[in-house]
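Chemist: One structure follows; several queries about it will come next.
The values are calculated or read from the model by the stated rules, or taken from the named source; none is laboratory data. Source: prediction; values computed, not measured. Neighbour counts are summed over all protein chains in view; Cβ atoms, including those assigned to glycine, are modelled from backbone coordinates with ideal geometry. Ligands, DNA and RNA are stripped out before the accessible areas are found, and what is left, the full protein with its side chains, is counted by its heavy atoms. Shrake-Rupley method; radii C 1.70, N 1.55, O 1.52, S 1.80 Å.
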Amino acid sequence: MWEILRSHKGKDAAILGHTIAAMTGIKYDEVRAVIAHLVNEHQCLIASCGRGYYVPVTEEEIASATRSLRHRGIMILMRASRLQKSSLEDIFMQAKMEFKT
């Protein structure tokens, strides 16, 4: 799958996960799992946007992808804090401790 993704350099060349699934014959959920593996275990630079997945090639693309991920992470932690009726800071510290183990 890295062979497919690495040819999609830059946000304008993004490819949908469903397109990758059709090209490879694997399910969309598996595509997402493989991409997560490539990012987390092999440190492949893969970003995403509404148009799909791509390899960021500019500092702005990297910054934009980072902002998006950070925002998504904060929104998820905010939901968790509301569920537990706890502060965002407490949830963040709890997540930080869990991440270390």
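Chemist: Go ahead and estimate [θ] at 222 nm for the chain from helices alone: -39,500 (n - 2.57) per DSSP H run with n ≥ 4, summed, over the residue count, rounded to 500.
Modeler: My calculation for the chain gives -21000 deg cm²/dmol from helical runs alone.
Chemist: Tally up the carbon and sulfur contribution to the accessible surface of the chain as a whole percent, 1.4 Å probe, everything protein left in place.
Modeler: 58 percent
Chemist: In addition: Applying the Karplus parametrisation 6.51 cos²θ - 1.76 cosθ + 1.60 with θ = phi - 60° to the phi angles of the stretch 44-57, what ³J(HN,Hα) value in whole Hz is obtained for each residue in order, glycine and proline being reported as x?
Modeler: Residue by residue, the stretch 44-57 yields 6, 7, 10, 10, 9, 8, x, 8, x, 9, 7, 9, x, 10 Hz.
Chemist: Which lysines have a Cα less than 20 Å from the Cα of residue 85, not counting those fewer than 8 places away in the same chain?
Modeler: Here the lysines satisfying the reach criterion relative to residue 85 are 96.
Chemist: Could you give the nm distance between label points at residue 86 and residue 42, where each point is 7 Å from its Cα heading toward the beta carbon?
Modeler: It is 3.6 nm.
Chemist: Per residue, how many Å² of accessible area does the chain show with a 1.4 Å probe?
Modeler: 73 Å²
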